[in-house]
Amino acid sequence: MADSLNHNNISTAWVDGELRLAGLDSRMIGLLRAIDQSGSLNQAAKQVGLSYKGAWQIIERANNGAPKTLVSTATGGNKGGGTCLTEAGRSLLALFTRLEQQHQHFLERLNRGLADDPDTVLLLQRLVVKTSASNQIFGNITAIQAGAVNAEIIVELKGGEQIITSITQTSLSELGLQVGADAVLLINSADITLAIDFDPARFSARNCLSGSVIRVQQDEVNAEVIVLLPGGETLVAMITQQSAQSLALVPGMSVWAMFKTNTPVLGVMLPS
């Protein structure tokens, strides 16, 4: 029986990006900040996850490229020597800190603007779903048929094709599924059977989708067949080389992709 997938960690930070100032990135600034706090290059390097040598190389490049020295090393004195930022280094750190705050406010404004557009949020939610399954298809729940033990969920794709998936009554309750909700179906490529001549009496699979072959990639053992569905989605089927040769699959050929109702893993898109 297929499990159900609940996507409850979808980020609302759709737009992000690292601030760079004249080639200075967050790693360099992080090292300067750590030096300013600790007064020790060795401690600062450990704090930002760099080796002592690596930290020195970064500081040397920064000092050589800047019109004024950014970091100085002193010996003796009340604190027994150490590494510290010069006035120019502290000014650069303060400037970058101000820019970081402005950069963060800018990103927040962009993300708030995107969050106000439901269509955009739906698109982005789908794009950020990551899974190991070869096939990830989105659709809309059009029917829920509850049984004594299991429930059958009918999901309609963009082209009008319908996929039936069965889940437990427990999963149905936990997911809170409703007709009209968006859903994602995860389908293992090895669980898809391909056929050229479709005869319902010959196959027990209730999900039978017509499509056309767009690519066949073979290795020493298996063949990966990519099937284009009428609505524009693609399905990847993994079959044996022998099966591929028997079917004589070539791009453009009509084909049926079939799988049982317990094959798809059903996931729902929760509000951000």
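The values are calculated or read from the model by the stated rules, or taken from the named source; none is laboratory data. Treat the numbers as computed from the prediction; the structure is a model and nothing was measured. Glycine gets a Cβ as well: all are built from the backbone with ideal geometry, and neighbour counts include every protein chain shown.
I want to confirm something. Restricting to the stretch 217-243 and keeping residues that are small (Gly, Ala, Ser) and within 27 Å of the chain's Cα centre (by Cα), which single residue is farthest from Phe138 (Cα to Cα)? Restricting to residues being small (Gly, Ala, Ser) and within 27 Å of the chain's Cα centre (by Cα), the top hit is Ala223. Of the residues making up the stretch 139-171, those that are of a type in the set (A, V, I, L, M) and more than 17 Å from Leu186 (Cβ to Cβ) number 6. The residue of the stretch 148-199 that is nearest to Leu247 (Cα to Cα), among those that are of a type in the set (Asp, Glu) and touching a residue at least 60 places away in the same chain (Cβ under 8 Å), is Asp191.
For the stretch 50-60, indicate whether the set of residues that are assigned to a helix (DSSP H, G or I), assigned by TED's automatic domain parsing to the domain that holds Ser91 and under 17 Å from Thr97 (Cβ atoms) is non-empty. So far as the stretch 50-60 goes, no, none of its residues is assigned to a helix (DSSP H, G or I), assigned by TED's automatic domain parsing to the domain that holds Ser91 and under 17 Å from Thr97 (Cβ atoms). Within the stretch 107-159, being more than 30 Å from Val236 (Cβ to Cβ), at pLDDT 80 or above and not in a loop (DSSP other than H, G, I, E, B) holds for one residue alone: Ala146.
Out of the residues in the stretch 143-182 meeting the condition of being surrounded by fewer than 15 Cβ atoms within 10 Å (Cβ to Cβ) and of a type in the set (A, V, I, L, M), tell me which one is nearest to Gly211 (Cα to Cα). Filtering the stretch 143-182 for residues that are surrounded by fewer than 15 Cβ atoms within 10 Å (Cβ to Cβ) and of a type in the set (A, V, I, L, M), the one nearest to Gly211 (Cα to Cα) comes out as Ala143. Exactly one of these conditions fails for Ser246: (1) over 27 Å from Thr142 (Cα atoms); (2) touching a strand residue (DSSP E or B) at 6+ places or on another chain (Cβ under 8 Å); (3) among the small types (Gly, Ala, Ser). Give me its number. The single condition Ser246 does not satisfy is (2).
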